[in-house]
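K.L.:
Dumping the structure here so I can ask a few things about it.
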Amino acid sequence: MIKIQKTEADRPSLTFSRKPRKGLDKLEEATKALKEHYYKHKAEIDKNGEKFEFDPDLYAHKDIKDRLKYLQHGKCCFCEAKIDHIAYGDVEHFRPKAAYKQLESDDYRYPGYFWLAYDWDNLFFSCQMCNQRHKKNLFPLLDPDTRMLDPEGDLSIENPLFLHPVHDNPENHIVFIEEVPRHLPDSIRGKATIESLGLDRPKLNEDRRSSLQHVIDLINIIELYPDIPEMKEYHEQAKKYLAKTIFDLMKPNAEYSLMFKSLYKQKIKGIIEN
Ligand SMILES: [Zn+2]
């Protein structure tokens, strides 16, 4: 997981082409309708809950999905796997739109963050595996009493346990020990994100391992026979190649770039600069 650069200016505009709503923004209009419905029946909805209906043709519209995919370099916002070639990928809601749970064992609470169903800041491109886990509508907060269930309320008072791919920098919470993600000792948010999204699931670890292997092989070559003078030139060449390789692998468009950044900081930087 890495920080994603995404602003409101990046959102594609979907507008009505016919009167009477010609030129109006479809996502904004849909959000307005949901809010109007909520405020009209607020007492009833707050008391008994309600399952809101949402339109996937809007939040997962091709233009929206394509733009998210582009901004995320074709990678899942959580596990950083490249999705393009193996699956279609999903448009994921960071704050769950229909219902939410504080704990896995809780019952669903309705409605969820319905007013964010079409909110650009809340939408991400994700792989099906991460989305399915996330779709369980688990959205724990550090302090459940701060949960903001009013569409006009201030969401910044909530402290979600899951890392937000735009507002948080996952690098400050998650590191990798070779292919396995670990939370930093004082980050309960890194811990919750790894555990709830299954970022250390075996299949993913296996896939990361195969991406990592040739870099590890290269390191092993460099560390072989350190005291033999005849090997020096050979080691220098390998170091140059390692430097070029790792800088490409740490770029935001590279698959599993955070894993390579961790390895760079822990080991490769020292080897290259030595
Ligand atoms: Zn994923």
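Every number in this text was worked out from the coordinates using simple rules, so none of it is lab data. Small disclaimer: the values here were computed from a predicted structure and weren't measured. Please note: Cβ atoms are built from the backbone with ideal geometry, for glycine as well, and neighbour counts cover all protein chains shown.
K.L.:
Roughly how big is segment 169-274's charge dipole about its Cα centre, with Cβ charges of +1 (Lys, Arg) and -1 (Asp, Glu), in debye to the nearest 20? Walk me through the numbers on the way to the answer.
P.N.:
Working: 16 positive and 17 negative charges, 79 e Å.
The dipole of segment 169-274 has a size of about 380 debye.
K.L.:
What aspartates and glutamates could a cross-link reach from LYS19, if we take a straight Cα to Cα line under 19 Å and drop same-chain neighbours fewer than 8 places away?
P.N.:
Within the straight-line cut-off, LYS19 pairs with GLU28, GLU29.
K.L.:
Any chance you could run the full-extension gain for SER17 through LEU155? It's 0.36 nm times the residue separation minus the Cα-Cα distance, nm to one decimal.
P.N.:
On the way: separation 138, 0.36 × 138 = 49.68 nm, distance 3.30 nm.
Extra length available between SER17 and LEU155 comes to 46.4 nm.
K.L.:
With each label point set 7 Å from Cα along the Cα-Cβ vector, what nm distance links ASN205 and ASP10?
P.N.:
Reported label-point gap for ASN205 and ASP10 is 3.1 nm.
K.L.:
Relative to the longest principal axis of the C-alpha atoms of the chain, give the angle of the C-alpha long axis of helix 188-197, reported between 0 and 90° and rounded to the nearest 10°.
P.N.:
80
K.L.:
Can you list the lysines whose alpha carbon is less than 26 Å from that of LYS51, not counting same-chain residues fewer than 8 positions off?
P.N.:
LYS26, LYS32, LYS35, LYS40, LYS42, LYS62, LYS65, LYS97, LYS101, LYS135, LYS136
K.L.:
Now a separate question. If I stretch the segment between ARG109 and ASP121 completely, what's the gain in nm (0.36 nm per residue apart, minus their alpha carbon distance), one decimal? Display every interim value, and only then the final one.
P.N.:
Working: separation 12, 0.36 × 12 = 4.32 nm, distance 2.24 nm.
2.1 nm is the gain from fully extending ARG109 to ASP121.
K.L.:
Among the listed pairs LYS82/LYS265; LYS203/LYS269; LYS191/LYS261; LYS203/LYS244, which are separated by more than 26 Å between their Cα atoms? Don't skip to the answer; put the middle values down first.
P.N.:
Working: LYS82/LYS265 23 Å; LYS203/LYS269 28 Å; LYS191/LYS261 19 Å; LYS203/LYS244 28 Å.
The answer is LYS203/LYS269; LYS203/LYS244.
K.L.:
Relative contact order (percent) for segment 169-274, with alpha-carbon contacts under 8 angstrom and 6 or more residues of separation? Spell out each step's value before the answer.
P.N.:
Values: 85 pairs, mean separation 28.2, N = 106.
So the answer I get is 27 percent.
K.L.:
Run the paramagnetic zone check for LYS69: 7 angstrom along Cα to Cβ, then residues of segment 5-47 with backbone nitrogen under 16 Å.
P.N.:
Answer for segment 5-47: 12.
K.L.:
Right, another one. By how many nm would the segment from THR146 to ASN220 lengthen if fully extended, with 0.36 nm per residue of separation less the alpha-carbon distance? Numbers along the way, then the final one.
P.N.:
Working: separation 74, 0.36 × 74 = 26.64 nm, distance 5.03 nm.
This chain segment gains 21.6 nm when fully extended.
K.L.:
OK, next. Ranked from highest to lowest mean number of other Cβ atoms within 10 Å per residue, what is the order of the peptides 211-223, 68-80?
P.N.:
Packing order, densest peptide first, comes out as 68-80, 211-223.
K.L.:
Per-residue ellipticity at 222 nm for the chain, helices alone: DSSP H runs ≥ 4 residues times -39500 (n - 2.57), over residue total, nearest 500 deg cm²/dmol? Display every interim value, and only then the final one.
P.N.:
Details: 10 runs with 104 residues, N = 274.
Estimated from H runs of four or more residues: -11500 deg cm²/dmol.
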